[in-house]
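Report on one structure; see the data block that follows.
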Amino acid sequence: MSSQSKLSFNLMSSSLIIKLNNSDVSDKLEVSENIKSYLGLIPNHELDEYTISLLVTDITQLGSLVNDILAILNASSIDVILDENIQSALFNAKEAENDFIQFSEEARRIRNAESVLDEIPEFLNVVKSNMKRQPFKKQLLASFHIAFAKNVANFSVPGTGKTTMVYTAFAAMKSGDYYDDPLKSLLVIGPLSCFIPWQEEYEQCFGKKPTLVVVENVNDIDKLHSKSQPVELILINYEKMRPGNQFQNGLVAYCRIHKTMLVLDEAHRVKNPEGIYANSIMPLARTARSRVVLTGTPIPQGFQDLLNITRFLYPDKKILSYSYKRLKQFTKNPERYTREISRLTNQFEPFFIRLGKSDFNIKPAIDLTPIDVEFSDTEQRIWNTIDAQSKESNSRFSMIRLLQASSNPYLLTQKLNLKEFYGIEEEDSAEIKHENETDKQEDLAFLNPIFSSESKKVGSKIKACAKLAAQLVNQGEKVIIWIVFTDTALRLHKALKELNISSGALLGKSNNTALLINEGKSRDDMIQYFKNTSKLNCVIANAAAVGESISLHKNAQGQKVCSNALYLERNFNCAQYLQSRDRLHRVGISDDVKVNYHFFKIPGTLDDHLDQSLKRKSRIMQEFIESESIPLILLEDSDVMKEVYDSYYGPS
């Protein structure tokens, strides 16, 4: 045996070889265990008792792997001689690291300097000649940041035009006049609700419809591969993506053939490193030529959510120097770790950009004074009964029941649907789990005699909401009414019909009530009718269906659509409330358009307390979102719920 252990690389077998000497061989087991624990690799001990070998599947990452192995050997106090192949790999890795550092600093400079636009006439000329819609200055800066860095996150707040920024970058990156290796396709993975916006925005940006494949079944993957030319726009929703399925394999094969920009829209859905969506999308990331993350809420669960984003953007780079466990510690106690969080932000800064509404001078929306509504005698009896029961139980079920008693008392005759209340769309069910607690709900059968005598009536608040909606529609306005429960949507639809107002429902992909109201038409059809015709001037919506991606302020022709939102029901989720407001309050609103939010309250109920809590917390969130580059927002439903309970009953 040699007097010193040796680290070498066998080109024939593509194996990294650790040859331990007599004094170091006793540490062989410890080294092997550390390789498995820290690197996730399986060491091979079959050569002899002194040797550990590792198969290297990606030769381009040899230098990085060698550095990790040296760190493990150093921890066991093992010094090694390096062969020529290893020395060469380390040299190349160091060169690549230095190049990446220089690249990162240039990306940081571009991100932070508006004056960069004066340096890039070629980019601006390509955008001007290829795009019908000309972006705002701030959008141009964000777009050039994408075009330069290729793999970036855009955390701009909802309503600031993230889709336009991507299309602007894509316009340059697919132009042979600007890009040496031009892109051919744009692949978007997102929620179903984003499909129409991506198609509409393409037409608005480029003045023509794209060649398009919307992947709904396996035949669409075959269609994608059978095209004689690359497809400009490909859309698929997260629900289709599963590790090793035909959708994943088909898209990986497509991206290997055609130079593709891969976009994750509403990417906070891929926050869990062990989640189904993340594990199905990561193999795609390696085959795409450009990777873009879009979300206005980048860390809904905490700083640990950033880890998956950086792994997607740069699968072979360690952008953040902190582990998932360490990032969770930052989330639990951000005040204690301000220095580390500042370092974290600095590490990630070259690879993300964030614009707020304040960057575009969007005129503030108007929160109108809530309209007082009086209970009927029967509704008051019901409220008093539920109120007394709620004070005794102090449970979230009783709090939800109180909200139902205020907006639509007939909901009290039904089992509480928690997914409906929390606003969880079916396509999210694979990633979001809520326990089934129906067996813990209180029995409200004692109320049935009261309801049976008035089963054909609607609640007072529903009547008031329908009346205001009818007034606005008759004045030539379009209206969106926000609800939580589908039974409320049906009763509201009937109340509007009695006032000669046609209404549609946007309540989720497979919602039976929506299909009934819409007479079998799809959600996407109803959105198009609402935005582009005078046949439909009122829609009833919930956060699960249109809380993300969809814009209702104007249509593809740039015409004003809707500037009035009526809030008949709300849950305790402040983030969903903000998202609903952003459907109307967005970049592109004309200066002469006023966005109005209308509210209803029944005095003496939770309504006023919920209204004040949501508005106060939404102001805090909005200010934080506008001021922080990576905003940590951990407002749970329970935060608002407890505040409302304490405000109404007194501290518990």
- Item | Residues that are open to solvent by 80 Å² or more (accessible area, probe 1.4 Å) and in contact (Cβ under 8 Å) with a residue 12 or more places away in the chain, drawn from segment 78-90 | D79
- Quick one: would you say K19 is open to solvent by 70 Å² or more (accessible area, probe 1.4 Å) and among the basic types (K, R)? yes
- Message: I need the full set of residues from segment 312-328 which are out of contact with any strand residue (DSSP E or B) (no Cβ under 8 Å at 6 or more places or on another chain), assigned to a helix (DSSP H, G or I) and in contact (Cβ under 8 Å) with a residue 24 or more places away in the chain, in order please.
- Response: Y324, L327, K328
- Query: Looking at segment 523-531, is at least one residue closer than 25 Å to S407 by Cα and either surrounded by fewer than 21 Cβ atoms within 10 Å (Cβ to Cβ) or modelled with pLDDT under 90 (or both)?
  - Reply: yes
- Task: Pull up segment 272-283, narrow it to residues that are at pLDDT 85 or above and open to solvent by 10 Å² or more (accessible area, probe 1.4 Å), then point me to the one that is farthest from the chain's Cα centre (by Cα).
- Result: P283
- Hits in segment 492-522 - residues which are closer than 24 Å to N596 by Cα and open to solvent by 30 Å² or more (accessible area, probe 1.4 Å): H493, K497, L499, N500, S502
- Item | Identity of the residue in segment 48-61, modelled with pLDDT of 85 or more and surrounded by 12 or more Cβ atoms within 10 Å (Cβ to Cβ), that ends up farthest from N22 (Cα to Cα) | V56
- Out of all the residues in segment 593-624, which are assigned to a loop (DSSP other than H, G, I, E, B) and open to solvent by less than 30 Å² (accessible area, probe 1.4 Å)? V593, V595, I602, T605, L606
- Message: Of everything in segment 592-617, what is within 18 Å of S647 (Cβ to Cβ) and either aromatic (F, W, Y) or out of contact with any strand residue (DSSP E or B) (no Cβ under 8 Å at 6 or more places or on another chain) (or both)? Give them in sequence order.
- Response: F599, G604, T605, L606, H609, L610, Q612, S613, L614, R616, K617
- Does E105 fit the bill of being among the acidic types (D, E), surrounded by fewer than 21 Cβ atoms within 10 Å (Cβ to Cβ) and closer than 20 Å to F360 by Cα? no
- Which of the residues belonging to segment 345-355 are buried (at least 16 other Cβ atoms within 10 Å of the Cβ) and not basic (K, R)? Q347, F348, E349, P350, F351, F352, I353, L355
- Going through segment 532-546 in order, the residues found to be open to solvent by 10 Å² or more (accessible area, probe 1.4 Å) and not aliphatic (A, V, I, L, M) are N532, T533, S534, K535, N537, N542
- For segment 25-51, which residues satisfy the criterion of being in contact with a helix residue (DSSP H, G or I) (Cβ under 9 Å, 6 or more places away or on another chain) and part of a loop (DSSP other than H, G, I, E, B)? L41, I42, P43, H45, E49, Y50
- Pair list, Cβ < 6 Å and 6+ apart or interchain, from segment 254-273 residues that are closer than 16 Å to V157 by Cα to residues that are in a loop (DSSP other than H, G, I, E, B) and open to solvent by 10 Å² or more (accessible area, probe 1.4 Å): E266/E548; H268/T297; H268/P300
- Note on the structure: Restricted to segment 356-370 and to residues being open to solvent by 70 Å² or more (accessible area, probe 1.4 Å) and not hydroxyl-bearing (S, T, Y), the residue modelled with the lowest pLDDT is N361
- Considering only segment 397-413, how many residues are modelled with pLDDT under 90 and touching a strand residue (DSSP E or B) at 6+ places or on another chain (Cβ under 9 Å)? 0
- Message: Of the conditions (1) under 25 Å from Y254 (Cα atoms); (2) open to solvent by less than 30 Å² (accessible area, probe 1.4 Å); (3) without any contact (Cβ under 8 Å) to a residue 60 or more places away in the chain; (4) β-branched (V, I, T), V127 satisfies every one except a single condition; which number is it?
- Response: (1)
- Take Q557 and decide whether it is open to solvent by 20 Å² or more (accessible area, probe 1.4 Å), closer than 20 Å to L507 by Cα and out of contact with any Lys or Arg (no Cβ under 9 Å at 6 or more places or on another chain). no
- With respect to V479, determine if the residue is touching a Gly at 6+ places or on another chain (Cβ under 9 Å) and closer than 21 Å to Q576 by Cα. no
- Message: Here are the criteria: (1) under 27 Å from S323 (Cβ atoms); (2) buried (at least 17 other Cβ atoms within 10 Å of the Cβ). Tell me which single one A75 does not satisfy.
- Response: (2)
- Item | helices (runs of 4 or more DSSP H) enclosed by segment 59-141 - at least 1 residues per element that are β-branched (V, I, T) and touching a strand residue (DSSP E or B) at 6+ places or on another chain (Cβ under 6 Å) | 84-112
- Message: Return the residues of segment 574-591 that are open to solvent by 30 Å² or more (accessible area, probe 1.4 Å), touching a strand residue (DSSP E or B) at 6+ places or on another chain (Cβ under 9 Å) and assigned to a loop (DSSP other than H, G, I, E, B); say none if nothing qualifies.
- Response: R586, G588, I589, S590
- Message: Name the single residue that is farthest from the chain's Cα centre (by Cα) among those in segment 306-344 being over 28 Å from L62 (Cα atoms) and surrounded by 19 or more Cβ atoms within 10 Å (Cβ to Cβ).
- Response: Y337
- Scanning segment 333-355 for residues that are basic (K, R) and either touching a residue at least 24 places away in the same chain (Cβ under 8 Å) or closer than 30 Å to T163 by Cβ (or both) gives R354
- Query: Just checking, how many residues over segment 152-204 are open to solvent by 10 Å² or more (accessible area, probe 1.4 Å) and at positive phi?
  - Reply: 1
- Note on the structure: Picking from R291, R256, R286, R269, the residue that is open to solvent by 10 Å² or more (accessible area, probe 1.4 Å), not in a helix (DSSP H, G or I) and not β-branched (V, I, T) would be R291
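Here is a yes/no grid of residues against (1) among the hydrophobic types (A, V, I, L, M, F, W, C); (2) touching a helix residue (DSSP H, G or I) at 6+ places or on another chain (Cβ under 6 Å):
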residue: P158; (1), (2): no, no
residue: K162; (1), (2): no, no
residue: Y167; (1), (2): no, yes
residue: S175; (1), (2): no, yes
residue: P182; (1), (2): no, no
residue: G190; (1), (2): no, no
residue: E200; (1), (2): no, no
residue: V213; (1), (2): yes, yes
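The values are calculated or read from the model by the stated rules, or taken from the named source; none is laboratory data. All values reported here derive from a predicted model rather than from experimental measurement. We place every Cβ from the backbone using ideal geometry, glycine too, and count neighbours over all the protein chains shown. The accessibility values were calculated without ligands, DNA or RNA, using every heavy atom of the protein model including side chains. Shrake-Rupley method; radii C 1.70, N 1.55, O 1.52, S 1.80 Å.
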